[in-house]
1. Return yes or no: is Ser356 farther than 27 Å from Glu136 by Cα, out of contact with any Ser or Thr (no Cβ under 8 Å at 6 or more places or on another chain) and part of a helix (DSSP H, G or I)?
2. Does at least one position in the stretch 270-288 carry a residue that is surrounded by fewer than 20 Cβ atoms within 10 Å (Cβ to Cβ), more than 23 Å from the chain's Cα centre (by Cα) and assigned to a loop (DSSP other than H, G, I, E, B)?
3. Can Gly366 be described as part of a helix (DSSP H, G or I) and crowded, with 22+ Cβ neighbours inside 10 Å?
4. Could you say whether any residue in the stretch 44-59 is under 18 Å from Ala118 (Cα atoms) and without any contact (Cβ under 8 Å) to a residue 40 or more places away in the chain?
5. Could we say that Pro376 is part of a loop (DSSP other than H, G, I, E, B) and crowded, with 17+ Cβ neighbours inside 10 Å here?
6. Report every pair of residues separated by at least 6 positions or lying on different chains whose Cβ atoms are under 7 Å apart, first residue within the stretch 215-239 and over 19 Å from Ala364 (Cα atoms), second hydroxyl-bearing (Ser, Thr, Tyr) and in a helix (DSSP H, G or I).
7. Which residue out of Leu89, Leu144 is surrounded by 22 or more Cβ atoms within 10 Å (Cβ to Cβ), under 16 Å from the mean Cα position of the chain (by Cα) and under 21 Å from Asn175 (Cβ atoms)?
8. Please enumerate the residues belonging to the stretch 213-247 that are buried (at least 16 other Cβ atoms within 10 Å of the Cβ), at pLDDT below 75 and in contact with a Gly (Cβ under 7 Å, 6 or more places away or on another chain).
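The values are calculated or read from the model by the stated rules, or taken from the named source; none is laboratory data. All values derive from a computational prediction rather than experimental measurement. Positions of Cβ are generated from backbone atoms using ideal geometry, with glycine treated the same way; all protein chains shown enter the neighbour counts.
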Amino acid sequence: MTGGRGTSSGAFRLLWSAATATSLGDGIRLVALPLLAVRTVDSPALVASVVAAGYLPAIVFGSFAGTIADRVRIPRLLVGTHVVRALTLLALAGVVVLSQASLPWLWVTALVYGTCEALADPAATALLPRIVPTRELARANARLQAGQSAAEDFVGRALGGILFAIAAALPVLINAALLVLAAVLALRLPRASEVERSQAVRTEGFLMSWWAGLRTVASTGLLRSTALLIGGWNLSYGAYTGIAVVYAVQTLHAGASGVGLLLSAAAVGSLSATFLTLRLIAVTGAATTATVTVTLSAAAMLGLASAPTGWVAAPLIALDGFAIMAWNILSVSARQAVIPRELLGRATSVTRVLASAAVPAGAALGGLVAQSMGPPAALLAGAGTVLVTGAVALPGLVPILRRIWPRGADGPSIAR
């Protein structure tokens, strides 16, 4: 560990730059692939299947991704996933230029990309505590989230549409170039950041190593509570995401431009949270902040269910985005401080599986509720889900957060 160098260290700058470049490419891709799908097929369901294919790998084998991250040298894993994604996108760009793009090509691209992403994300989470001191974790996570949110949600998505209008293959090529840049940056990460594998990790079998990660989540109060809350929260988020466009058009009577502005309101709230969360924790403590974020998110969803216009809905959507991002910064930092480093990839991947599975499940349930009872009913159900999971998880979570991250502390302390 490069202790003492903090978030200004060269290793952290490399990680931040690589993550931001990857997120910029993600924003471009998330617009470009559905646009390519629209040019290929007429069915909205088939277009949506391209987006869903990107989430499938994390659900199917995401819990094993952390086991891999805990058993290999993480910078090498990051380089490999970046290169594979870049090559896949270059192949797609070639078939687009040749006018041979088809739905199977888009499915394969989304599946390969999603697989690499499922491997890389737990690895990057496990890498951060090895290059940043524990007291700097919260600040480092906030800076990472700020770079990723700005790159993906603000710049990347807008750039994806502009580049596609110029040439259909251009956003795919730019995304590939950004991944090559991220791979070059990951190559420069120092050897001190490589995984510190314990004797048990080196000698135990893969399945035993995977089981140790599951057991860690099940036996650790902080991890159990956060996993439950993440699952319930993402069910609610999925319900909102699944009916967001229908809600904006049918309930708020927003036009096409209004839909885009409404959806971007969440990004405004998320980005503001990356700057304000640590100040909020310093004033109130992590336990109170966690309770506030759950309350704000549920209140925002309740307000959206009765919002008469987009002008009322937009700040509520931003408030929900703020609450979700603040929770992410708080919970990720706490987990990184508490989980032993040799288990961090495995424990992180378990919570990522819950998050990945809950979003499409919530979208499906939200769609069913909206179909039978209207979009406001789906939002009410989402608010109720957040409140119920918060009521179950917070009583166990609050005492732990009070102990490891009290008011005035710069970040969580190690409490194993």
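1. Working: farther than 27 Å from Glu136 by Cα: yes; out of contact with any Ser or Thr (no Cβ under 8 Å at 6 or more places or on another chain): yes; part of a helix (DSSP H, G or I): yes.
The answer is yes for Ser356.
2. For the stretch 270-288, residues surrounded by fewer than 20 Cβ atoms within 10 Å (Cβ to Cβ), more than 23 Å from the chain's Cα centre (by Cα) and assigned to a loop (DSSP other than H, G, I, E, B): present.
3. Working: part of a helix (DSSP H, G or I): yes; crowded, with 22+ Cβ neighbours inside 10 Å: yes.
Yes, satisfied.
4. No: zero hits.
5. Working: part of a loop (DSSP other than H, G, I, E, B): no; crowded, with 17+ Cβ neighbours inside 10 Å: yes.
So Pro376 fails the test.
6. Listed pairs, sorted by first residue: Leu223/Thr216; Thr226/Ser331; Thr226/Thr351; Ala227/Thr351; Leu228/Thr389; Leu229/Thr389.
7. On the way: Leu89 fails: under 16 Å from the mean Cα position of the chain (by Cα).
Within the list Leu89, Leu144, the selection yields Leu144.
8. Gly213, Gly242, Ile243, listed by residue number.
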